[in-house]
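Below is one structure; the comments refer to it alone.
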Amino acid sequence: LYDTLWALILPSFFSISSIFLLRQFMVGLPKEILEAAEVDGAGTFRCFIHVALPVCRPILGAAVALSFADCWNLVEQPLIYLTDSSQQPLSVMFNQINTDSADVAFAGAALYILPMLLVYLYFQDDILLGVQLSELK
């Protein structure tokens, strides 16, 4: 995997913080909901897909937004795993802007923050609901 983009992509699928966040939320789910689905004839997989995941939608949105922010701001891993400078992500290349004019740096910063802002705006309700639900426990 060394010197390939897969060295950056694969570790993000197994983010410990997202797994911990989802586990802590799912432990607090009432067992009566899952038992009621099983009484209605749903199997384990169907209970997970049709009962547990819709209830966990706010925390899934928060986990996706946090994971995207983590992956978008990677600096150390690309510097370690990628030797080819043409494959470096934007987070590393943004630090290499060496211009005397500040307008180029500000334009780069605005373009760099735009995808993260769009992800936040898309998942804003889920993030706020996930924080509110975690405070109730």
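The values are calculated or read from the model by the stated rules, or taken from the named source; none is laboratory data. Source: prediction; values computed, not measured. Virtual Cβ from ideal backbone geometry, glycine too; neighbours counted across all protein chains shown. All accessible areas refer to the heavy atoms of the entire protein, side chains included, with ligands and DNA or RNA removed. Shrake-Rupley method; radii C 1.70, N 1.55, O 1.52, S 1.80 Å.
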Once the whole set of protein chains is in place, how much accessible area is left on residue 125, using a 1.4 Å probe, in Å² to the nearest 10?
120
Sum of side-chain charges, residue 82 neighbourhood, beta-carbon under 14 Å (Lys, Arg +1; Asp, Glu -1):
-3
Measure of exposure for residue 116: accessible area at 1.4 Å probe, Å² rounded to 10, is 40
Quickly estimate the mean residue ellipticity at 222 nm for the chain, helices only: each DSSP H run with n ≥ 4 gives -39500 (n - 2.57), and the total goes over all residues, rounded to 500.
-20500 deg cm²/dmol
Computed E for residue 29/residue 9 - FRET, C-beta separation, R0 41 angstrom, nearest 0.05:
0.85
Separation of the residue 93 and residue 40 label points, Cα + 7 Å toward Cβ, nm
4.9
So for the pair residue 75, residue 118, with labels modelled 7 Å out along Cα→Cβ, what separation do we get in nm?
2.4
Once phi for every residue in the range 124-130 is put through the Karplus expression 6.51 cos²θ - 1.76 cosθ + 1.60 (θ = phi - 60°), the whole-Hz ³J(HN,Hα) values, with Gly and Pro written as x, are 4, 5, 5, 5, 5, 5, x
Could you give the accessible area per residue of the range 32-86, probe 1.4 Å, as a whole number in Å²?
65
Could you sort 83, 4 by their accessible area in this structure, using a 1.4 Å probe and putting the largest first?
83, 4
Could you give the length gained by full extension between residue 50 and residue 132, i.e. 0.36 nm per residue of separation minus their alpha carbon distance, to one decimal place?
27.2 nm
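Using a 1.4 angstrom probe on heavy atoms only, work out the carbon and sulfur share of the accessible area of the chain in %.
67
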If you plug each phi of the range 16-22 into the Karplus form 6.51 cos²θ - 1.76 cosθ + 1.60 with θ = phi - 60°, what whole-Hz ³J(HN,Hα) values come out, in order, with x for Gly and Pro?
5, 5, 5, 4, 5, 4, 5
If all Cα-Cα distances of the chain are sorted into 5 Å bins from 0 onward, what percent lands in each bin, rounded to whole numbers?
2, 9, 14, 14, 15, 13, 11, 9, 6, 4, 2, 1, 1, 0
